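Chemist: Here it is, the structure in full.
The values are calculated or read from the model by the stated rules, or taken from the named source; none is laboratory data. Please read these numbers as outputs of a predicted model, since none were measured by experiment. Every residue, glycine as well, gets a Cβ built from its backbone with ideal geometry; the counts of neighbours run over all protein chains shown. Quick note on the areas: whole protein, heavy atoms, side chains included, nothing else; ligands and nucleic acids left out. Shrake-Rupley method; radii C 1.70, N 1.55, O 1.52, S 1.80 Å.
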Amino acid sequence: FLITGSMDASVKLWDIRSGIELANLFVGSACTCCAFDGDAQNILAGTQNSTLHVFATKTLAERHILYSHTLGIRACVFSSDSTMVLSAGSDAKVMLWDLTRIPYGRKKVEEPHAVLDGHLQGVRALAWNPRTATQAVSGGDDCMLLIWDLADEAVKRTLVGHKGPVLAVAYTPSGAYILSSSQDSSVRVWDPFETKSLFTFHAHSGPVYAVVVTVDEYRCISAGADSTIRTWDLRGLIREDPEADRKPQQAAESLQIEDYEDDDEAYLSQMDQASSGKMAQAASGKMAHSSSRRMSQGSVDQSASGSSLQGGSFKAHGASSGVSSLSPIKNAGAGVSSF
């Protein structure tokens, strides 16, 4: 299944294989975020009108309407066991909702389990640690990432480094690292136990709206306002490279516009090939390799101009439209989360 939310106040459920619209759920005002729970049994949708809606996927029945935010909701996410929900909004609040404590049959819920204060401005992004149920991270307009201890309902660590609002956050599947993207055009990788980023990727020419990590944690994928989707090779950076015994440890590769400054037509030609599915051919152009150095504390300091799997970027969207979100397919049968 696939779910999409729209400014027309609808949340639609789709069959990916057939492309058929299965349901159109009305949420009263513009839908600003939506998500499935872990096994796609429930749908979560946040609105510009500051309400949060929980639907049962099978029956399409609206189970709960959660409202306590005073301004529009920008991000929402289920816990891995689907029993709890986190929401974040323009009111600078992160709210924790315990669905198991809601009396049976009660539809409207006005009081969250906890209100988490810490951000100075609106909150745009949320992620729940997939391996630690009591840890989550949020990112906001204050350019900060806050790691939350949900058991203590308090900020555990503040991560500072971005020069613009944080637009997306994600944990690696192991829960060991956090990735973030920002309006400052960068993608950063963080260790939850450190207070500064391990390394930073620069390649996008505008805000980076989405970031995800592949299941094997070998690659990160980012999407931005420049209408490109970029892949970053993380092998040898955040985890051991299984091929390290056969080749030197290397940092992410980079495909740069500057490499084509003497031949703009060649660059544009290769980008056209990439957007039409010929990424392997496009990758045969000039590649710039950036090295990384091990810091004394064990972190990696990297500032690549772009990095890639087979060429670096997929420019498949319209030049003026940007790419606002992306979601990996967790397994062939389950489909994706949400746009």
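Chemist: Out of 189, 215, I need the residue that is over 25 Å from residue 117 (Cα atoms) and among the β-branched types (Val, Ile, Thr). Which one?
Modeler: Only one candidate passes the filter, namely 215.
Chemist: Can you find a residue that is closer than 25 Å to residue 180 by Cα and in contact with a strand residue (DSSP E or B) (Cβ under 8 Å, 6 or more places away or on another chain) anywhere in the range 54-62?
Modeler: Checked the range 54-62: no residue is closer than 25 Å to residue 180 by Cα and in contact with a strand residue (DSSP E or B) (Cβ under 8 Å, 6 or more places away or on another chain).
Chemist: Within the range 93-108, which residues are among the hydrophobic types (A, V, I, L, M, F, W, C) and surrounded by 20 or more Cβ atoms within 10 Å (Cβ to Cβ)? Talk me through it step by step, then tell me what you get.
Modeler: To start, the set of residues in the range 93-108 that are among the hydrophobic types (A, V, I, L, M, F, W, C) comprises 94-97, 99, 102.
Result: 94, 95, 97.
Chemist: Output the residue which, of all residues in the range 109-122 that are more than 23 Å from the chain's Cα centre (by Cα) and among the aliphatic types (A, V, I, L, M), is surrounded by the fewest Cβ atoms within 10 Å (Cβ to Cβ).
Modeler: If we filter the range 109-122 for residues that are more than 23 Å from the chain's Cα centre (by Cα), which is where we start, we get 109-114.
Adding the requirement that they be among the aliphatic types (A, V, I, L, M) leaves 109, 114.
Numbers: 109: 19, 114: 17.
Only one residue fits best here, namely 114.
Chemist: May I pose another question? Taking the range 1-48, which residues are under 16 Å from residue 61 (Cα atoms) and among the polar types (S, T, N, Q)?
Modeler: Those that are under 16 Å from residue 61 (Cα atoms) and among the polar types (S, T, N, Q): 10, 24, 41, 42.
Chemist: Quick one: which of 70, 59 is open to solvent by 20 Å² or more (accessible area, probe 1.4 Å) and either touching a Ser or Thr at 6+ places or on another chain (Cβ under 8 Å) or closer than 15 Å to residue 113 by Cβ (or both)?
Modeler: 70
Chemist: So which residues in the range 123-138 are part of a loop (DSSP other than H, G, I, E, B) and open to solvent by 10 Å² or more (accessible area, probe 1.4 Å)?
Modeler: 130, 131, 132, 133, 134
Chemist: Continuing with this model, one more query. Could you list all residues from the range 232-255 that are part of a loop (DSSP other than H, G, I, E, B) and either modelled with pLDDT of 55 or more or buried (at least 19 other Cβ atoms within 10 Å of the Cβ) (or both)?
Modeler: Looking only at the range 232-255, we keep the residues that are part of a loop (DSSP other than H, G, I, E, B), and these are 234, 236-238, 240-252, 255.
Once the filter is applied, which keeps residues that are part of a loop (DSSP other than H, G, I, E, B) and either modelled with pLDDT of 55 or more or buried (at least 19 other Cβ atoms within 10 Å of the Cβ) (or both), the range 232-255 yields 234, 236, 237, 238, 251, 252, 255.
Chemist: Another question, if that's okay. Please state which of the following conditions residue 20 fails to meet, knowing it meets all the rest: (1) touching a residue at least 40 places away in the same chain (Cβ under 8 Å); (2) open to solvent by 20 Å² or more (accessible area, probe 1.4 Å); (3) more than 24 Å from residue 131 (Cα to Cα); (4) of a type in the set (A, V, I, L, M).
Modeler: (1)
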